[in-house]
Amino acid sequence: METVKCPPTPSGKDRYPNKAAANRRLNIIWRNAVRGNQRASKMPCRAYRCKVCKGYHLTSQPKAGKPRKR
């Protein structure tokens, strides 16, 4: 799946066209991380809608008010 960078963000975050595409990428990242023993604290844990580009991005920040599962 090819992603487009979000131009308004200084870091050039990957932009996904919809939440389903972002969640598919999230699943791929987590499957690969399990194999490589990545630290869960910096792993993306959810997709969110960008108010600027109207696409979706991944973040490692849990949703406000919900503690992260470890």
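Brief remarks follow.
- Near pairs, Cβ below 9 angstrom, 6+ apart or cross-chain, from region 22-38 (modelled with pLDDT under 70) to any residue that is in a helix (DSSP H, G or I): Q38/I29; Q38/W30; Q38/N32
- Count of residues meeting criterion [modelled with pLDDT under 75 and either farther than 17 Å from S60 by Cβ or open to solvent by 80 Å² or more (accessible area, probe 1.4 Å) (or both)] in region 5-20: 5
The values are calculated or read from the model by the stated rules, or taken from the named source; none is laboratory data. Just so you know, these numbers come straight off a predicted model, no measurement behind them. Every residue, glycine as well, gets a Cβ built from its backbone with ideal geometry; the counts of neighbours run over all protein chains shown. Ligands, DNA and RNA are stripped out before the accessible areas are found, and what is left, the full protein with its side chains, is counted by its heavy atoms. Shrake-Rupley method; radii C 1.70, N 1.55, O 1.52, S 1.80 Å.
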